[in-house]
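Below is one structure, written out as structure tokens; comments come after it.
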Amino acid sequence: MCKSFIALAGLAFGGIAVAGLVFSGALNRSVVSSTVETPLTPEQIKALAPHGAKVAAAADCYACHTARGGAPWAGGMPFETPFGVIHATNISPSPEGIGGWSRAAFHRALRDGIAPGGRHLYPAMPYTSYRGMSEGDVDALFAYMTTRAPMPVANPKNGLAFPFDQRWTLAAWNFLNLPASVAEPDPARSELWNRGRYVTEALGHCGECHTPRDLTQGLRTSKALTGAVIEGLEAPDITPAGLTRMGFSPASLATFMGSGLSAQGAATHQMFDVVHFSTRHMDRADLLAMSAYLFDRDVLADEKPPAPPQPAPVAADIAARAQKTYAGLCAGCHGAGGQGIPHVSVAMRANASLRTASPSGFVRAVLAGLPAQSFPNGERMDAMPGFAVDLDDAAMADLTNWMRAEWGGQAPTVRGQDVAAVRATLTKHHAASE
């Protein structure tokens with residue numbers, strides 16, 4: 001009995017000791033070097049700021065840290081998480097933002113997730129990916145951000161329930177999920193591939209949306225880039241197999257990322273923001289490097305997009321009902337043969353939304369609609385109204401099955417209850433007016 005008690009007591013005290021170390025941050029490993037303790041000179045800041053503008057675009061800082069209709073860089077953008085709403089913070093050089101931050105403090109926030117005063121940042125800010133950024137790029141970003149106009153806008157209060165509103169608990173999250181080291185260039189791969197990995201994984205932090213998460217909401221690295229659901233919207237599989245399934249080649253993917261438009265369709269929802277605020281401002285060389293990495297190529301050749309899939313068989317009664325629905329609601333904009341109308345609506349014949357493993361993105365778009373959007377070089381797409389009132393679950397399932405079979409080569413497996421499940425998740429964030 002005594003020995004058992006001593007053993008249990010030892011385990012208890014050991015657990016408390018380990019918990020104390022984790023929550024104190026003592027077990028966290030920083031990747032920030034001591035060299036950043038030396039402040040940048042005004043001359044260095046001026047010289048670095050132009051490159052910092054490119055880093056800020058590639059890292060997609062503006063889209064997250066500027067609320068719709070809000071002041072630039074002043075934060076306030078809400079993000080829905082399983083634990084409540086988190087608002088992006090003010091990162092302008094004002095007292096409410098990063099005003100007064102040192103070079104070293106900026107590095108630690110961006111790469112370790114810890115702000116001045118030891119305040120843990122919520123991983124909605126993708127410091128797990130930014131951890132891989134180079135010291136030079138972080139310096140350039142710091143120079144750029146400190147030369148923006150200060151925006152004296154208070155940070156909104158987050159809507160997190162206990163215990164998720166306790167920032168100190170993030171020390172444990174970091175211990176479990178923050179990479180202990182930074183990936184070094186792979187000598188077995190080309191410079192193009194290595195640059196693409198850096199742009200994709202660190203700067204672009206693509207995995208933060210396209211990689212599924214575990215119970216702690218950490219990235220499941222064994223399933224990297226295989227697709228996930230974020231704020232109720234599907235971020236598709238962007239592995240080589242997933243991209244090929246959607247009809248992309250490396251060149252067409254680079255075009256899509258640079259403009260938001262390609263034969264595979266148009267960027268929508270969060271992906272439109274990524275293109276609009278980030279990737280369309282990137283150098284073509286970086287877009288090609290990103291494509292090379294995502295397609296796992298060391299050299300880019302002149303590859304044609306994969307051939308459209310052959311139509312899949314669909315029951316005659318489903319096809320008849322769906323074709324009638326398509327003719328009445330869709331053909332006027334997308335064409336009787338799904339060919340689309342230039343500058344008005346995208347083609348459906350090669351549309352990636354009909355070729356993904358999950359039909360949820362397509363179903364959501366038809367039910368909720370899509371807003372009008374402007375793209376580079378004066379290109380645009382008209383708004384698409386939502387048809388949630390016009391289509392019941394059965395009719396929507398028929399339309400989805402037929403279109404995915406006819407133009408996506410997908411087996412007709414969508415049921416009315418699948419549509420109902422998507423319909424139940426619709427919010428204002430998915431509406432055409434957003």
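The values are calculated or read from the model by the stated rules, or taken from the named source; none is laboratory data. It should be emphasised that the depicted structure is a prediction, and the values quoted were computed from it without experimental measurement. A quick note on method: Cβ atoms are made from the backbone with ideal geometry, for glycine too, and the neighbour counts reach across all protein chains shown. Protein only, heavy atoms only, side chains kept; ligands, DNA and RNA dropped before computing areas. Shrake-Rupley method; radii C 1.70, N 1.55, O 1.52, S 1.80 Å.
Around the amide H of A228, modelled in the peptide plane, lie the amide H atoms of A235, all under 5 Å away and 5 or more residues distant in sequence or on another chain. Taking max minus min of the alpha-carbon positions on each principal axis, the stretch 316-433 gives extents of 42, 31, 26 Å, largest first. Give the carbon-plus-sulfur fraction of the accessible surface of the stretch 191-295 in %, rounded to a whole number; probe 1.4 Å, heavy atoms of protein chains only. The value for the stretch 191-295 is 59 percent carbon and sulfur by accessible area.
Charged neighbours of R213, selected by a Cβ distance under 11 Å, balance to 0 (K, R count +1; D, E count -1).
Relative contact order of the stretch 276-434: what whole-number percent is it, with Cα pairs under 8 angstrom and at least 6 residues apart?
27
Using a probe radius of 1.4 angstrom, the carbon and sulfur fraction of the accessible surface of the stretch 316-433 is 58%. Show log10 I(q)/I(0) for the chain at q = 0.08 Å⁻¹, two decimals, from a solvent-free Debye sum over equal Cα scatterers. One equal scatterer on each Cα of the chain leads to -0.51.
If a spin label sat at a point 7 angstrom from the Cα of I318 along the line to its beta carbon, the backbone N atoms of the stretch 385-399 nearer than 19 Å would be those of 391-399. The length gained by stretching the chain between E303 and E184 to full extension, at 0.36 nm per residue less their Cα-Cα distance, is 39.9 nm. Close amide H partners of G335, meaning residues 5 or more places away or on another chain with modelled amide H under 5 Å apart, are G340.
The stretch 191-295 gives an Rg/Rh value of 0.94, both radii derived from C-alpha positions and Rh following Kirkwood. If you take the Cα centroid of the stretch 178-201 and the Cα centroid of the stretch 109-142, the two points sit 18 Å apart. With no solvent and one point per C-alpha, what does the Debye sum give as log10 I(q)/I(0) for the stretch 363-426 at q = 0.20, 0.21 Å⁻¹? Taken in order of the listed q values, log10 I(q)/I(0) reads -0.80, -0.85. Its DSSP H runs of at least 4 residues, each contributing -39,500 (n - 2.57), put the calculated 222 nm mean residue ellipticity of the chain at -12000 deg cm²/dmol, to the nearest 500.
For the chain, the per residue solvent-accessible surface stands at 48 Å², with DNA, RNA and ligands left out and a 1.4 Å probe. A simple count of charges around V299, restricted to other residues whose Cβ falls under 14 Å of its Cβ and scoring Lys, Arg +1 and Asp, Glu -1, yields -2.
Based on the alpha-carbon gyration tensor of the stretch 267-317 and its eigenvalue square roots a ≥ b ≥ c, which shape applies: rounded if a/c is under 1.5, prolate if not and a/b is larger than b/c, or oblate? In terms of gyration-tensor shape, oblate. Working note: Karplus 6.51/-1.76/1.60 with θ = phi - 60° gives the stretch 49-66 the couplings 4, x, 5, x, 5, 5, 5, 4, 5, 4, 7, 6, 5, 5, 4, 8, 9, 10 Hz, where Gly and Pro are set to x.
Could you work out how far apart the two model spin labels at E231 and I341 are, taking each label as a point 7 Å from the Cα in the direction of the beta carbon, and quote it in nm? Label-label distance for E231 and I341, simple model: 3.0 nm. Extending 7 Å from the Cα toward the beta-carbon at both Q217 and C333 defines two label points whose distance is 3.4 nm. Relative contact order, whole percent, for the chain stands at 13, derived from Cα pairs under 8 Å and 6 or more residues apart.
Between R29 and A424, the simple label model (points 7 Å from Cα in the Cβ direction) yields a spacing of 4.4 nm. Within the full protein context, the accessible area of K223 is estimated at about 90 Å² for a probe radius of 1.4 Å.
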